[in-house]
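The values are calculated or read from the model by the stated rules, or taken from the named source; none is laboratory data. All of these numbers come straight from a predicted model, not from anything done at the bench. A quick note on method: Cβ atoms are made from the backbone with ideal geometry, for glycine too, and the neighbour counts reach across all protein chains shown. For the accessible areas, the whole protein counts, side chains as well, though only heavy atoms, and no ligand, DNA or RNA atoms are used. Shrake-Rupley method; radii C 1.70, N 1.55, O 1.52, S 1.80 Å.
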Amino acid sequence: MTDDLLARHRAVLPSWMPLYYAEPIELVSGSGRRVTDAQGRSYLDFFGGVLTNMIGYDIPEIREAVERQLATGIVHTSTLYLIRQQVELAEKIAERSGIPDARVFFTNSGTEANEAALLVATNHRRSHQILAVRNSYHGRSYAAMGVTGNRTWSASGLNPLQVAWLHSGDRVRGLLARLSADQQVDAAVEDLREVLATQTAGDVAALIAEPIQGVGGFVHPPDGLFAGWKKVLDEHGILFIADEVQTGWGRTGEHFWGYQAHGVTPDLLTFAKGVGNGFALAGVVGRAEVLQAVPAISFSTFGGNPISTAAGNAVLDYLTAHDLQANAARVGAILADGLRSAVGGLDCVAEVRGKGLMLGVEFVRPGGGEPDPALTNSVFEAAREGGLLTGKGGLYGNVLRMGPPLTLTEEEAREGLAILVDAIRAAAGVAA
Ligand SMILES: Cc1ncc(COP(=O)(O)O)c(C=O)c1O
């Protein structure tokens, strides 16, 4: 069955849209944190459709909210009419964003959210110069790809923006690796000053950055780095855009948004993925003065439609009622501590990193520290065979990524941890 579907997939879908696993799987049902494939095999899901099934599968509160909206007969009206759920969700997001006098614009994807943020930032500043971070991923449109600093995800050199690149927070390789956290912050700030002086015409519109780089393998800078950058940006009136597509909604455990680890407030914040728990919902929230810098009509046919915003409200209410941020901190610590103590000392493990329920393990060849994507893939396949779905990423494809639903229980964390540790030890050739 699956073989046939795979052949049909290959015959009709583009080759640049990758499938996971040597034997790709079709997920046909799900409940909580577990999914079942077409062969009847069940998996604990530590990737949640790329951090998107943030509450989990088949959550009654979300299903019922969507069913109530379906029962009205209205799936779509367009934003030419008032949409009650959209206004309610915008109120909640504006309030939670931490941005004063905030406005919210809804889109269907993270790419469009970043595109909108870049549009308003460049209009507001009357400049198409942008600062972006190496090893970033912001989406697949021309502008979003233009600020993406990862060769694997850059399909075109066409770019409507003029981009200058800052160093990432990579602690394993690159010019700033192996510095102490304070030294790294100082070096990154000095680098920003130098980039502004040497690679721009001065009137830069904005800096866009992910608090933890998603596709980039959960690389993140030391806490406080964004504050160091923001001080310099403020001297020039340059806006700061936080891409919270992966880091938002309490996933990092310690804060509701990733930017809050740095003691700054962004001018614009983009969100997507988890807020719809699978329904297409994304957007940008920002200071009114900036977000309203659109001197023409701009509108998204589906953005924030009645179904997706009904889901979004139910997701945020669930998240708040169950304090999932606290759960991410507690359960994430079990996973992080368990991984560090069981495999952190192996020669092939360069780093166990991340925050809350956003954790990565970077694999290298023992000795030289060369990236080891083959070993990463062996771990990834072995984890699936053991009944655990994870993700992969990193600039060199050598990082295993975990971003389970924020509802993950302690028992499930321990179960997944055991599978992961076995998979890593087996792939690394370490006796159990
Ligand atoms: C940080 C970040 N920004 C933007 C995007 C693009 O979002 P989408 O795939 O919904 O367009 C992604 C997707 O993975 C992401 O991780």
**Message:** Can you tell me how many residues within region 111-142 are of a type outside the set (A, V, I, L, M, F, W, C), more than 12 Å from the ligand (Cβ to nearest atom) and assigned to a helix (DSSP H, G or I)?
**Reply:** 5
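Taking the condition open to solvent by less than 10 Å² (accessible area, probe 1.4 Å), at pLDDT 95 or above and touching a strand residue (DSSP E or B) at 6+ places or on another chain (Cβ under 7 Å), does Pro404 pass?
yes
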**Message:** Out of the residues in region 79-110 meeting the condition of being open to solvent by 80 Å² or more (accessible area, probe 1.4 Å) and over 17 Å from Thr320 (Cα atoms), tell me which one is nearest to the ligand (Cβ to nearest atom).
**Reply:** Arg103
**Request:** Name the single residue, out of those in region 178-202 being in contact with a His (Cβ under 8 Å, 6 or more places away or on another chain) and open to solvent by 10 Å² or more (accessible area, probe 1.4 Å), that is farthest from Asn123 (Cα to Cα).
**Result:** Ala187
**Request:** Please determine, by comparing only the residues of region 195-218 that are in a loop (DSSP other than H, G, I, E, B) and small (Gly, Ala, Ser), which one is nearest to the ligand (Cβ to nearest atom).
**Result:** Gly214
**Request:** Would you mention how many residues in region 53-78 are in contact with a Ser or Thr (Cβ under 7 Å, 6 or more places away or on another chain), open to solvent by less than 80 Å² (accessible area, probe 1.4 Å) and closer than 22 Å to Lys273 by Cβ?
**Result:** 3
**Message:** Can you tell me how many residues within region 289-313 are open to solvent by 10 Å² or more (accessible area, probe 1.4 Å) and farther than 13 Å from Ala90 by Cα?
**Reply:** 14
**Request:** For Arg68, state whether it is touching a helix residue (DSSP H, G or I) at 6+ places or on another chain (Cβ under 9 Å), within 16 Å of the ligand (Cβ to nearest atom) and among the basic types (Lys, Arg).
**Result:** no
**Message:** Regarding region 230-242, can at least one residue be identified that is without any contact (Cβ under 8 Å) to a residue 40 or more places away in the chain, aliphatic (A, V, I, L, M), within 12 Å of the ligand (Cβ to nearest atom) and farther than 20 Å from Leu400 by Cα?
**Reply:** yes
